Amino acid sequence: MTGPVATTITTTINGAEHRIDRADGRMLLDVLRDDLGLTGAKYGCGMAQCGACTVLVDGRPARACVLRTGRVAGRNITTLEGLAEPDGRLHPVQQAFLECEGAQCGYCLNGMVMTTLALLADTPAPTEAEIRDALRHNLCRCGTHTEIIASARRAAELMGDRNA
Amino acid sequence: MPETAPLEVRDASGRTFLSLDATGHVTGYCGHVDLGTGVQTALSQIVAEELDLPLERVTMVLGDTSRTPDQGPTIASETIQVSSVPLRQAAATLRAALLDRARLRLNAPREALAIEAGRIHHAERCLGYGDLIETPGEWLEIDPEAPLKPAAEFRLVGQKTGRRDLPDKLVGAHEFIHDVVVAGMVHGHVVRPPYAGRDSGDFVGTSLIGYDEAAVADMPGFIAIVREGDFLGAVAERSDQARAIAEALPVQWRMPPPLPDMGDLAGTIRAQPATPRVLDTTGSIDKGLDASDRVLRRSYVWPYHLHGSIGPSCSVADWNDGAPILWTGSQNPHMLRGDLATLTGLPPERIDVRRHQAAGCYGRNCADDVGGDALLMSRAVGRPVRVQLTRAQETLWEPKGAGQIMDVEGGLKDGALHAYRLDTWYPSNRGPNLALLLTGAIGNEPRPVPMGDRTVVPPYSIPNKRITVHDLAPIVRAAWMRGVSALPNTFAHECFIDEMAAEAGADPVAFRLKHVADPRQAELIRQTAEKAGWSEQAGPRLRREGRMAYGQGFAFATYVHGDFPGTAAASAAWVCAVAIDTQTGEVTLSRVFVGQDQGLVINPDGVRQQIHGNVHQTAGRVLNESVSFDAITPTQKSWADYSVIRMDEVPEVETLLIERPDEPPLGVGESAAVPSAAAISNAIFDATGVRMREAPFTPERMRAALREAGYDAVAVDAAPAPRPRRGLWRRAALALGTIGSALTVGAVGIPTARSLPPVTPPPASSFSAELLEQGRQVFATGNCSHCHTAVGGAANAGGLAVETPFGTIWTTNITPDPETGLGRWSFAAFDRAMRRGISRDGSNLYPAFPYTSFAGMSDEDMFALYAYMQTLEPVRSETPKPQMLAPTNLRLANAGWNLLFHQNRRLEPDPAQSAEWNRGRYLVETVGHCSACHSPRNALAATKDGAAHLTGAMVKGWYAPPIAGPQAAARGWDKDAFAAYLKSGHASGIASAAGPMADVVANLQEVESADLDAMATYLASLTADAAPVRPAPEPAPAPMLNTATHRLFENACAVCHEPALEGIVTAAQVPLGQSMAVRAPSPETAEIVIREGLRAPDALDLADMPGFAAELSETQIADLARYLRARYAPDLPAWPEP
């Protein structure tokens, strides 16, 4: 049996605990960007179609533009800002996108990085076909696909090195 | 170090291009902007190279009107080719001056000085650049004679150089325009007129009749409604509040006039008023055609495209007491400043436009428009205002890449092109700022701009030519987009020459070379064909393997930009390979090899990236993209029905950069896009013998063209599911539109039973806590508050409309309000209503209220419920009178119904069953009244029992699926599944609660776990007898033909319903193959879910789904529902077409 639903929720974002009002049904993306100043996740379509807003919830990708804050109570959220080491060293996936220049304008970059991270958690050494398949719901309009695919391959190598 | 004024380098009119500070750091200024192509890095390389500085000691400032020179809009790939020229000369001027000063200071001959990393050395002594600043405020004028560094000495230019903006972008620290925050900033949301995407006609700026500010003034965060002409917007403290207010604001607009028939694009464009401009009259076209052996006439059609920036436009404006500051993602900061001056009446110098990077734009999108929006709202409220357009606003209103028509007539004589006539229509202009149009600051007359002439002359020697551009105003808002008119013009040139080569029986590459006079172009064609492995051919090769056809295509172009005759940017050639499924018409672009001659290469990685980007983007444009229109406006509002190329569709790309280090650098931002359409069309011809002359080459168009050419019809396994059996539908229709379960006001005016007197109920304090807790659980199990609370209304105060086959009734107020609720009801009156369906005043209650179930309740539960309900918060709220059809409003009808269908008796335990089973049965059959929704009803709306009991029904458009009998068993329902579902709303692999059932489960969270287990035990017993050994497997999805609806599913639905990765948090919890909305007898439930989405109750850990009512048309929704049925329930009959 549960009591009445609480009007605020507690959630962990990039390791820090936050209390967020759930009553007004705002989307996680708005809260991250407008209230918490975490602007790595981008608004692209508001309908989960483009992937620019992707964050990780308990390590799994989520489209923050359609995820009400009430749905992340007690969850662990990671945004693009939370990937690098505290000393500034990039996460291997970020490092790979830097080396392979996996961005032109960079607006879709957040979603590409976050989704690649989730892919590599499941499939540490993906084939090119698996990379293409995993990223098929992340839109890029600049046509950076070649570099993004290369970045994801490089990310798998760097993650392998780190875990070796 | 003491602060020293920097040393600047300016042009003759005093515009600063470079400044050197005392630390030796150089800042370059360029009026162009970085559209995401990396020109910021390339410009830094140019400056650092000329000054022998490490790259990190150069900063570029781009497109900031108070600091950078006005160099026009960032278009036509001119930044490197045109705008970098004075910058490089400024750097050379500075270098020469610094060397001169060092010579004097070091007392050394100039040739003895060496420069290394921004320091000038002679023997043991050295001076930094910053040390050579002499007088404060001094500046140098650009010396056009200052010697430029020879290419042979380059060490940065031509080298792989990482993008300088990337490290910040990778950690979320780069400040895109969308990320700009200004102190005191509030948020605006625009309300656009109904003539989306239109820019001329007397209705533009004059269609707003009125709006009702009072209706929204109390909404949270409200600051103001701002109106000027047809400009309308809401300002609020928070962005989501501004949007909510804007969407709630009642507005009246005049109905806009229709568009011409955009379905007949070619006919409509040709019929518009246009001014012909003849640009090339070499020889005599008429004589040339007369003298030809073979003459072909062809028409090529190019569709409207979206720029489709991934980030909808955003801007922040601060009116700043009449000295405005605008933060923008514009491509044209100086042009925008001029527009804002016109909008506000301020001199341009008073306005400071600060450019931030935006999402890649590829041309004129809404970035400038949103600046006007923000400034109007900031001026009105006196605070900085940020405006973020929605995806729909951006998509509907962006000036599109224009449709274009090319008519070609050409002749072949003695195996060579002898005559070529081209007429082209390009209905586009520069996209006047929307705020100027909406406010009436500029007129709403049509504005043609002559930009249809890019690469309008084919790059071939032809003795007789007549090239005519028909200049015309936009039909819908349109402006330049990557490749501008050069891409469609080249589609015509390069397809036509391919046709001529085939007519001449010549290899397409050899045929082109025969007509090319320019040696650089010839070299590019030759090298590209050779390195790409071009196979010589004379006519189409028609290579086939089974139903697949394979082909190669060639095309080439020099992108010519600027006013005619224009300036040449880089030349590019494509060799591409396609694979075509001759049955489904799907074209796969498997490989693209691009050769490009861009003169000096500044950053080879940057050039290659631009080639890749051009290939992928235009491949998508050519194969799939087109804007569609209804009678009045463009129709697309999201990515759902506008397919950009995806990661799993992009081709392999190989590049060949022709080495020309001694030639000036040429723009590379668009060139590789220009041959795309023709190369792909030519490859399709090689594979199939079919010529595609209208883009995009969608599967539908390919199928039609292949059928016409005699290819086999679509195979059965790719066909849509068979048509439905009609008879079933008539029967199912009887079950439609039945009823929910609520206590409804008497259907009859005259009481058929005696009235029970009003009383003052016992005070709440007289009930024990245990009794009230028991009542609370009964109340939750009965889901009472759900039906007795109107949408947006006070809890339990009734007023929810219930549509029944016999009319509309409204649920009653069950709070203890003495006048309008149950506040004067005795227990006897309550008990009679609950068990016999008779209201306190003696009138009969309509059986939408499930008293037939409640009659079985125990006396203890009934009293506990009564007690608990007397403690609810009283709310005064009258219940509307029911509107019933005859004969249900006649006095005896309900009484007669009761006689037929109602047995008023307590449910007795079955001694043969366990206590838990009996408890579950009691809850399911009485308090829980599951049968009210889950049992089919007869023609008189009575629930059926026996074998039909709990075997599924449609309720208010929602499908309440079978929870008993063989169908439920086949879906896998057992005790564990029922228990999980009742406790969490989710039974793994079987179902997630949605719609009204989600609220039921949310209320069940108040109920003891043991009771939910008991319900599961009982329900499982109803499936057990009928249970198959194993549940029926989910049917395999049917293969679907690639249609517009298929693509809509892939674009809008697949992300959550066919997710690319396991465990996506926002994905659906139940596969569509098991969705009861898809397996329902009729499409209503699926359509409701698509339209309205799902919003799971807060108490349950279930997924939401966004609704698509605002994005999709009713036709699209109906088609999508039927697509889901055919794909995911192929074992069930198809739903009838709407």
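None of the figures in this text is laboratory data; all of them are computed from the coordinates on show. Predicted model only: the values in this text are computed from it and were never measured. Cβ: placed from backbone, ideal geometry, glycine included. Neighbour counts: every protein chain shown.
If each residue of separation counts as 0.36 nm, what is the full-extension length gain between B:Arg541 and B:Leu1132 once their alpha-carbon separation is subtracted?
Full extension of this stretch gives 208.3 nm more.
Excluding same-chain neighbours fewer than eight residues apart, the aspartates and glutamates reachable from B:Lys149 by a Cα-Cα span under 13 Å are B:Glu49, B:Glu50, B:Asp52, B:Asp662. A simple spin-label model places pseudo-atoms 7 Å from Cα toward Cβ; at B:Ala151 and B:Ala1024 they are separated by 8.7 nm. Once the mean of 1/r is taken over each pair of separate Cα atoms and inverted, the stretch B:404-717 shows a Kirkwood hydrodynamic radius of 20.3 Å. The equivalent ellipsoid that matches the C-alpha gyration tensor of the stretch A:92-163 spans semi-axes of 18, 13, 10 angstrom, in descending order. Taking the Kirkwood radius as Rh and the Cα radius of gyration as Rg, the protein assembly as shown has a ratio of Rg/Rh equal to 1.03. Karplus-based coupling profile of the stretch B:420-437, in residue order and whole Hz: 8, 10, 10, 10, 10, 10, 10, x, 8, 8, 8, x, x, 4, 4, 4, 5, 6, with θ = phi - 60° in 6.51 cos²θ - 1.76 cosθ + 1.60 and x standing for Gly or Pro. A compact globular protein would have a Cα radius of gyration near 2.2 N^0.38 Å; the ratio found for chain B is 1.15. When +1 charges are put on Lys and Arg Cβ atoms and -1 charges on Asp and Glu Cβ atoms, the dipole computed for the protein assembly as shown relative to its Cα centre reaches about 2760 debye.
Under 5 Å from the amide H of B:Glu694 lie the amide H atoms of B:Val301, each residue being 5 or more positions distant or on a separate chain, with H modelled from the backbone and absent for Pro and chain starts. Rounded to the nearest 20 debye, the dipole size of the stretch A:62-164 about its Cα centre is 560 debye, using +1 on the Cβ of Lys and Arg and -1 on the Cβ of Asp and Glu. Across the stretch B:235-243, rounded Karplus estimates of 3J(HN,Hα) from the backbone phi angles (6.51 cos²θ - 1.76 cosθ + 1.60, θ = phi - 60°) give 10, 8, 5, 10, 5, 5, 5, 4, 5 Hz, Gly and Pro being marked x.
Ordering B:Lys956, B:Lys149, B:Lys400, B:Lys531 from the fewest to the most neighbouring beta carbons within 10 Å gives B:Lys531, B:Lys149, B:Lys956, B:Lys400.
Within the stretch B:796-830, find all residues whose amide N lies under 18 Å from a label point positioned 7 Å from the Cα of B:Ser766 along Cα-to-beta-carbon. Under 18 Å, as judged by backbone N against the label point of B:Ser766, lie B:816-818, B:822-830 of the stretch B:796-830. Taking a ≥ b ≥ c as the square roots of the eigenvalues of the alpha carbon gyration tensor, chain A is prolate, as a/c is not under 1.5 and a/b beats b/c. In chain B, the longest principal axis of the Cα atoms and the axis of helix B:519-532 are about 50 degrees apart.
Each residue of the stretch A:93-100 was assigned a 3J(HN,Hα) from its phi angle through the Karplus expression (A = 6.51, B = -1.76, C = 1.60, θ = phi - 60°), giving 5, 4, 4, 5, 5, 5, 5, 9 Hz with x at Gly and Pro. Here the average projected area of the convex hull drawn through the C-alpha atoms of the stretch A:8-82 stands at 4.2 nm². Using only the alpha carbon atoms of the stretch B:1044-1128, find the Kirkwood hydrodynamic radius as the inverse mean reciprocal pair distance, in angstroms to one decimal. Roughly 13.2 Å, rounded to one decimal.
Anything over 28 Å Cα to Cα? Flag those among B:Lys400/B:Lys531; B:Lys160/B:Lys531; B:Lys160/B:Lys400, in the order listed. Can you show the working numbers first?
Values: B:Lys400/B:Lys531 36 Å; B:Lys160/B:Lys531 23 Å; B:Lys160/B:Lys400 35 Å.
As for pairs spanning more than 28 Å Cα to Cα, those are B:Lys400/B:Lys531; B:Lys160/B:Lys400.
Can you list the lysines whose alpha carbon sits under 27 Å from that of B:Lys983, skipping same-chain ones fewer than 8 residues off? Hits, sequence-local ones excluded: B:Lys956, B:Lys975. Rounding to the nearest 10 and keeping the result within 0 to 90°, find how far the Cα-based axis of helix A:109-122 lies from the longest principal axis of chain A. The angle comes out near 80 degrees. For the pair B:Asp662 and B:Ala794, the difference between a 0.36 nm per residue extended length and the Cα-Cα distance amounts to 39.7 nm. On C-alpha positions alone, give me the angle between the axis of helix B:1009-1024 and the longest principal axis of chain B, in degrees, nearest 10. Long axis of B:1009-1024 versus the principal axis of chain B: about 90 degrees. Between B:Glu700 and B:Asp712, the simple spin-label model (points 7 angstrom out along Cα→Cβ) gives 2.5 nm. Here is how the number arises for chain B: DSSP H runs of 4 or more residues each give -39500 (n - 2.57), the sum is divided by the residue count, and the result at 222 nm is -9000 deg cm²/dmol.
Distance between the 7 Å Cα→Cβ label points at B:Gln913 and B:Ala117: 8.7 nm.
Dimensions of the stretch B:211-277 based on its C-alpha atoms, expressed as ranges along the principal axes with the largest first, amount to 55, 24, 22 Å. Once the Cα-Cα distance is subtracted from the 0.36 nm per residue extended length, the B:Glu819 to B:Thr206 segment shows a gain of 215.6 nm.
Taking only the Cα atoms of the stretch B:433-502, the radius of gyration and Dmax are 16.7, 55 Å.
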